[in-house]
Every structure is written in C-alpha cells, then in structure tokens.
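The values are calculated or read from the model by the stated rules, or taken from the named source; none is laboratory data. Quick caveat, the model's predicted, so the values are computed rather than measured. Don't worry about glycine lacking a Cβ; one is built from the backbone with ideal geometry, like all the others, and counts go over all protein chains shown. These area figures cover heavy atoms from the full protein model, side chains too; ligands, DNA and RNA do not enter into them. Shrake-Rupley method; radii C 1.70, N 1.55, O 1.52, S 1.80 Å.
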Amino acid sequence: MPLYQIKNLTYFYPNSRKPALKDIDMIIEEGEFLLIAGGSGSGKSSLARVLAGLIPGFYGGRIGGSVFFRGKDIKQLDKRSIAREVGIVFQDPEKQLIMTSVEAEIAFGLENLGLPRQEMARRIAEVMSFLGLAELKREFTVKLSGGQKQKLALAAVLAMQPSVLILDEPTSQLDPVAAEDFLNLVKRLNEDIGMTVILIEQRLERCFHIADRIVLMEGGRIRFEGTPEQVARWAAQCGEPFIPPVARFFGKAGLNTIPVTVKEGRRMLREKFKPSSGDFYLKHPGVVHEEEPLLRMERVWFAYPDGREALQDINLQFFAGELVAVLGANGAGKSTLLKTMAGLLKPGRGRVMLMGGEPGSSVSRKAWNSCVGYLSQNPSDYLFQDTVEEELLYTLKNFGISPNGVVDEIMDKLSLQDFRHANPRDLSCGERQKVALASVMVTRPKLLLLDEPTRGLDYRQKAEMGKVLLDYCRQGASVVLTTHDVEFAAEYASRVIMMFCGRIVCDGPTHQVLSESIFYSTQIGRMCRGFADGILTPEEALAVLKPASPGKRERK
Amino acid sequence: MLDRFFYREKGLFLQSLHPLSALTYIAVLLVLALVFNHPLYLLGLLAVTVTAIKALDGIDAWKTFLRVSLGAAFVIVIVNAITVRAGETIIWHGPYIPVFGRLNVSLEAVCYGADMGLRLLDIMSIFCLYNFMIHPDRILDLLSRFSFKSALVLSLAARMFPTMVSRLDSIKEVQAARGVDFNAGTLKEKMGKYVVLMKILLLTSMEDSMETAEAMYARAFGSGKRSHYVRDAWRPRDSVCLTASLLAMGVAMYGWTKGLGTFSFYPRLAYLIDGLTGIVLLFAVIFLLSFPLILSWGWHNCPFIKSKI
C-alpha cells in the first residue's frame, strides 16, 4: 500500500478563482526521498500543505479529488493523528518557533500530543543528542543563529517521531555550509531511519542528487516526474532551468547520459572532453579603475552595543560599473557592511566617503540617501501603500524628486506594469522583492546596496533580476549585494568579496575568488577544478571545453 | 546593550533553583519590602538582595537600578518634605506661598521620604534579582500547569517582543534609506512618520502571525487534551530554600502583628532601636533569607555541600 495516494486533486484557496493545485495524481511510497521543484507560484508549497493536512484543515478553501494516507482518506483523519504521522518544517525558522527556550520548544509538540512525561523526556533527550542541541538546552531561542534555529525547528518536529518529514525550502535562509549540514542531516534521516522525506527546494544543486524521485510542478500541475537522471535528461532536452548546473552543462553539450553529481560529472568530463589549457577566465586582466571610487571605506570598525565587532578594519573601494557580491556565513558582517555603506550605521572608527565626501560634512544625509539605494533582507519592510505605483511615488516624494516618467521606466524594467494598481501585500514573494527593489531604484541611486536580493526567488526570477542589475551597472551605477547563492554571484558579479567574522578575507575578480575557494565555489567550478580551472558556469564550460574527439559526442 | 538587564544562563547556583522555590524566595522578599517600613529592616532586605545579585554576577547592571532609584528617591524626599506637614521638628522655615501657606520642612518628612526611597530601591533591586535568577520560560512552565493558554500567550509575547523591536529598527532603517528624516518637521509631522513605521510593523506582524499559527497547528496544537513536560528537578536545595523562605515569612508576619518591623515617623521620629526583640526578629529574618546565599557559597566553594544539595 502506498504511503500517499493522490487522485485528481484540485484546490482553490479561499476567495481565489484560480486553482493553486489542478488535477494532481501521484503516489508516494514509504521511505522515499521525494524532491518537489518548480517556479514560484507553481503549487509546491500548496501540495506540501495538502500532504501535511494543513489544507484544507488550516486554510479552508475548496478542495476536489482525494488524498489517501496509508489507505485512509486524509479528510477522515483527525488533527492529532496527522500531526503524529506527518511533520512539516517551514522556510522561515523565525516564524515557526513558539516558545522562548530550546527545550520548551521541542516539548511543545509532544505536550500537544498528550504524551506521558517519561516518553517526552526520552524523546527530547534523543533528538537533542541526535541534532547536537544538548548544549543549547536552556538557551533562549532568539539568541540562536539562523542555522541553529532551523535545526531546532527540525528537532521539534522530529521529536514527534513522524513517519513523513516535509521540508518547505528549509535552507533558503542558510549560508552554504549550514545548508549542506542541514541537508546531510535530512539525508541521514531518510537513509538510516527510513523516514519518508518530501523536500521542496529552489536551490537544486544542493539536493537534486540525494532524491529518489523528483516532481517538477508548473501552474499548479505536475509537469514531469521521474528519477533525478530522467528529470535531468528531460529538462535538458526541453531547456527547463530546474536542474543543477552540472546537468545543465552536459544536457546543453548534447550528451545522452546526464550526470547529476559533481563526482559523476568530473568522471564524464575526463572521458568526453579535452582538458583545457586552463585558467581561461583567470587570465582576464582585472579592471584598472582610474576614476574616483563611488564609495571608499578606510579602516572602518563597527561594534554593536553588546561589544560584538561586526566590522574589523575594513578597507574597500567601489567603482561605477561594478557588480560586487559579498559572500560569507551568517553573522560574518555582510549586512552590517551594507548598512554602514548606506550610512544607516555610523562606524566606531574609520571613514566612509561617498564620492570623496563624508556624511554630515560635505555630503548631507539626504544627498547621501539619494545617491545610495538600500534594499534590506525583508521586502515586506518596504510595503505599506495601497498600490505598487504609490509605493514608488512615496520614495520620490520623500526626496522631493518629480516623477518625470521614472515610475513607468522602472516598472517596465522590472516587469511590474501588470501590478501597477495591485496592493503590494497581495503579491508573491518574488513580486514583492521586485516592488521593494523598484521603490529603491526609482531615485536612480549611483550605488545600489542589496541585502540577499535572491532569497526566495526561483531560477527564472533570479535570471531576470541578474539582467536588470547588470543593465543598471552598464548605465554607470555600482551594485553591491550580499548573497548565499554562489551560482548567482558567479553568473552576474564582476567582483567577489568574502567576509569572515567581520573581516574581509578575500576581494578580487569573481573567477579568481570563486575558483580558489572550496566551499564557496559553484558546482561547475568544483567539477572543472584541476581539469579546466577558472570555469564557473555552464555557459563558460560550453564555450571553453571541447570534446575529446568529435565521435565521442553522443548527439547534436 | 539591554541584554545585561535580562536573564542570561550562567550555570550559577541561584539559577539552578526550582522555579517554585526561587519564585517563593523572590515573593517573600517583595512582600517584606512592602510590609516593613523600618529603615533597618529595609536596609537588611537590601543587603540580602544585593548579595544575591552579586552571587548572580549582576552588580554592574544593578548599579543602573541604583542610579535610577537614587534619582527617584531624591524626588520623593523633596516632594514629601515640601508637601507633608505632620512632622514637629522643623528644620527649615520657608516662604509663604498662596493657597499652600507657609513652607516648612520637617526632619520627620525628610526621613519618611528617604525611607520611601529606600523601599523603592529595595523593590527595584528585587525585580533586578528576579530578572537574573529565573529563566522566564521556567516561570511560564510553572504557570502553564494552571493556565496553559495564558502561559502560551505570555510565551509568544515574550518571544515576539525582541523580534518586533529588531523588526522596528529594521523598518526604521528602510524608511531612513527611502528619504524619511525622523528628526525633521513639526511634532505632528514626526508623529506621522512614526505612524507609518507602526503600520508596516503591524502589517508584517499580522502576516507573520499566520505562519506561526500554521506551525502550531501542524504540531497538533488544539488537537485535544495536553500533557505537561516537567523540566525542573526538585533537589534538597529547593526544600531548604523554600522552607527558609516560608519560615522567614512566618517569623516576619509574627513580628509584624506584634508591631515589629514598623517605624513611626510622625509626629516625631521614634527610636531606631526600640528594644531587643525587634533586633532579634530582624536578625532571624535576615538569617533565614540568607540561606540560599549560604548554600550558593557552599555550592561554589565546598565540594561536600555541592554533592549534598
């Protein structure tokens, strides 16, 4: 008997005329590792909520078709039975933690299940040991790092000993190392304990290869499903972006066998391609800037009131035309760096100069803000007007700038015209991000600072944003963004800065920095290491690598 | 910066007490500070409280409470001296003020004001001690046995408060970056800018609360009868501290019914030490309230005591 059997499932959210899910038919077997991929708004999260019993139980709405869990209609199962069997971890750890301390958080679900005290004590001890949380037993949840919070959210669900674990983009807010750590844990749960895992992810390079089966969704429907290899082959043929870079490269290279891991890719690379003379992209001369930098930071230190030195001796210059990506673990000081550049935080020591002037002296605060645009991590912090258009006009009004067609121009550029009169709070995550960005870009700042702008965006939205930013740089502005998305940095940034514990540990052209790094490198970069150094993206690999012999290319 | 005023886990003895015994100890200190008005008793309570704060490594933060209390005490002394006319020992004849009459300051009124200031310092120090000694979650845990929903609301509020403060800071930064100058304009204009901040915070919090509710639903909240997870073990130290606290309360109440622990300020100041019984009672109460401190010393310095409690 399959674990889940879904027949002809269609679902409408309350007050919605468009179905979030349409004609879904699928079977999920016990012990399976299922990856659900697709663009924003494709119905991934809605499907996860159906499987977790949250739809229609929590959300309401209209539902058609049937969902069977171990042969029983899920509608007939009571809330406690579903919670006992199915655990779900959401995207934002901050919003799913309820109690103030770690131990109480884990106990919360067990108390709700009405378990006896001895049983609760045993489960809490076990799960804390398994996830390495014992040291943090009495710690306040607000004090935990992003990675620890997500681990705690997982622990709170695992303590309930569900047979199915659903993860809705659990690593989207984690740095690459913490994300890897988290996914390894999930893999162990599936392999060692036999737990069924249903994972929803946007960043497929992290998890494509660990899934048994992949379901690709689009417009509320299942577009394709199969093993990673089948999906990779199909997506490569159709030109779909929802495959990892290694698979995309081999697909575009015209090979029939599509590897999905770096290891397999490296083996195939050695069999099918000639080693490159190497260092192709590394040989590109660095840009020599003769003009005055837009922004200069000299020996900048910044400490928070609790004494934590978030910036230590920062010396940086940013020039017009640059797209700079700042990488580093959570807490490395990336956001503090941007806020200091935006003039929102005043350095304890050192100077930040915008076109040669310092805030408050030669450059007024207002002039500084109009030259430097800042987009924070959370786009919702920008949105309060009734329409998207008003949101843009609000910024212009604050700076005393007359619109003069700039609102239309920015809306065109960011494809927001269709939402001009929509309430920004009614838009999806990716669309909100674009509105927030538009409300910053509308003053045409010379320096645009973006704090994790790609968070929650799918491949298409990221590509769209990358093009907008590159175009903006070509017009003579400079963009500095923080990101955990190394693939995005490799594709669009001209320069990469790496931070560690408040210090700049590396600063240079993108190819140089990312090729030298082991953990902060792209999938293609890791695959080509030692074979064709300096290559970071599938497009670069296609341009540089030549087949070992023409006969060895399988098709094209 | 504000972290030092709140609970931080330091693995200290007083933090290891069961919330029931810790809360009883704090409650006894508070009740006695409200019941007694004898300056020596209030000083005794202050000495015990400050020693406990020191044992919790919180003297630096307490100094801020001290400064605030001394400022408030000064105001109390001035206001009391000017407005109260019950004292007979006039130490300053002031000018005649219409409606109020002649402004005379008496020694009794000044002393009463100082005594009230001392009581204020006592109470503030006890709250400071509470902050350092008891993990708020453990209090909520205790409360949840009697009223789970109220405890949950308090827990959510306690968890959300720092998050909302940090979110408010972030929204303010965003607004500043969008050209809003919070220091410019008239009072009405400034208020308008802050209204926008609150509007964004409210909208965002409402959206976030849906996600929190969803996470609670997914973890079987409201699915039926709950059980209660007991996190805190009851140790011999808790029995000793609870007994000592209750005995201190009993002794103090006995003395209070006999008129001890109270001091008469008007019309003339009474004797500070009026007989041996009052002093014996004071020492008895202070000794009993010092039990947790003695155990704390033993726990940190004597392996034998540590192993037994």
Q. What's the average, rounded to a whole number, of partner chain beta-carbon atoms within 10 Å of each residue's beta-carbon in B:229-238?
A. 3
Q: Using a Gaussian network model of chain B whose springs link C-alpha atoms within less than 10 Å, name the residue from B:Tyr112, B:Tyr96, B:Tyr254 with the highest mean-square fluctuation.
A: B:Tyr96
Q: For the range A:519-533, just list the computed ³J(HN,Hα) in residue order, Karplus coefficients 6.51, -1.76 and 1.60, θ = phi - 60°, integers in Hz, with x standing in for Gly and Pro.
A: 8, 9, 10, 7, 4, 5, x, 5, 5, 8, 4, x, 10, 8, 4
Q.
I want to make sure I understand the PRE zone here: with the label point 7 angstrom from the Cα of A:Glu292 toward its beta carbon, which residues in the range A:366-410 have backbone N atoms less than 19 Å away?
A. A:366-373
Q) log10 I(q)/I(0), Debye, Cα-only chain A, no solvent, q = 0.05, 0.08, 0.09 Å⁻¹? A) -0.23, -0.59, -0.75
Q. Kirkwood hydrodynamic radius (Cα pairs, Å) of chain B?
A. 23.4
Q: May I ask you to list the residues of the range A:381-396 whose amide nitrogen lies under 19 Å from a point 7 Å from Cα along the Cα→beta-carbon direction of B:Val195?
A: A:383-387, A:390-391, A:394-395
(Q) Which residue fluctuates most in the GNM of chain B (Cα springs below 10 Å): B:Leu260, B:Leu202, B:Leu45? (A) B:Leu202
**Q.** Environment charge of A:Met1, counting only residues whose C-beta is closer than 15 Å and scoring Lys/Arg +1, Asp/Glu -1
**A.** -2
(Q) Let's test the formula: R0 of 51 Å, r as the Cβ-Cβ distance of A:Arg349 and B:Phe283. What FRET efficiency results, to the nearest 0.05? (A) 0.40
Q: Report, by chain and number, residues whose modeled amide H sits under 5 Å from the one on A:Gly220, excluding near sequence neighbours (fewer than 5 apart, same chain).
A: A:Gly43
Q: Return a whole-number percent for the relative contact order of chain A, with Cα pairs under 8 Å and 6 or more residues apart as the contact set.
A: 15
Q. Any idea which of A:Met160, A:Gly405, A:Thr340 is furthest toward the positive side of the dipole for chain A, if Lys and Arg beta-carbons carry +1 and Asp and Glu beta-carbons -1?
A. A:Met160
Q. Quick one: Karplus J couplings for the range A:69-78, per residue in order, coefficients 6.51, -1.76, 1.60, θ = phi - 60°, nearest Hz, x for Gly and Pro?
A. 10, 6, x, 9, 5, 4, 5, 7, 7, 7
Q) What is the sum of charges around B:Glu173, taking Lys and Arg as +1, Asp and Glu as -1, for the other residues whose C-beta is under 11 Å from the C-beta of B:Glu173? A) +1
Q. Can you work out ³J(HN,Hα) from phi for every residue in the range A:174-184, in order, using Karplus 6.51 cos²θ - 1.76 cosθ + 1.60 and θ = phi - 60°, giving whole Hz and x for Gly and Pro?
A. 9, 6, x, 5, 5, 5, 4, 4, 5, 5, 5
Q: Enumerate the whole-percent occupancy of each 5 Å bin, from 0 to the last occupied one, for all C-alpha pair distances of the range B:160-309.
A: 2, 7, 9, 8, 7, 6, 6, 7, 8, 10, 13, 11, 5, 1, 0
Q. Tell me, what % of the accessible area of the range B:139-218 is carbon and sulfur with a 1.4 angstrom probe?
A. 71
Q) In the structure shown, do any of A:Lys252/A:Lys413; A:Lys22/A:Lys334; A:Lys434/B:Lys149; A:Lys143/A:Lys446; A:Lys137/A:Lys334 have a Cα-Cα gap over 32 Å, and if so which? A) A:Lys22/A:Lys334; A:Lys434/B:Lys149; A:Lys143/A:Lys446
**Q.** Partner chain coverage, peptide A:374-386 - average Cβ within 10 angstrom
**A.** 5
Q: About the Cα centre of the range B:139-218, how large is the charge dipole given +1 on each Lys and Arg Cβ and -1 on each Asp and Glu Cβ? Please answer in debye to the nearest 20.
A: 280
Q: Just report the Cα centroid separation between the range A:462-483 and the range B:21-45, whole Å.
A: 64
Q: Could you give log10 I(q)/I(0) at q = 0.23 Å⁻¹ for the range B:139-218, computed by the Debye formula over C-alpha point scatterers of equal weight, without solvent?
A: -1.07
Q: Let me know the charge dipole size of chain B about its Cα centre in debye, to the nearest 20, where only the beta-carbon of Lys, Arg (+1) and Asp, Glu (-1) is charged.
A: 340
**Q.** Counted charge near A:Gly328, where neighbours are those whose Cβ lies closer than 14 Å (Asp, Glu -1; Lys, Arg +1)
**A.** -3
Q) So who's got an amide H within less than 5 Å of the one on A:Gly114, skipping anything under 5 residues away but keeping other chains? H placed 1.01 Å off N, in plane. A) B:Ser227
Q) Which is farthest toward the positive dipole end of the range A:195-346 among A:Ala329, A:Leu316, A:Ala247, measuring Cα position about the Cα centre, with Cβ charges +1 (Lys, Arg) and -1 (Asp, Glu)? A) A:Ala247
Q: Could you compute the FRET efficiency for A:Arg460 and B:Glu207, with r as their C-beta to C-beta distance and R0 at 25 Å, rounded to 0.05?
A: 0.55
Q.
Are there any GluC sites (Glu not before Pro) in the range A:473-556 that are in a DSSP loop and have at most 14 other Cβ atoms within 10 Å? List them by number.
A. A:Glu554
Q) Most fluctuating residue of B:Phe127, B:Phe74, B:Phe65 in a GNM of chain B with Cα springs under 10 Å: which is it? A) B:Phe74
Q | 5 angstrom amide H check on A:Val326, placed H, neighbours 5+ away | A | A:Leu481, A:Thr482, A:Thr483, A:Ile497
Q) How many angstrom lie between the C-alpha centres of the range A:115-147 and the range B:170-230? A) 28
Q: Loop only per DSSP, at most 12 neighbouring Cβ atoms within 10 Å: give me the trypsin sites (Lys or Arg not before Pro) in the range A:1-89, ordered by residue number.
A: A:Arg17
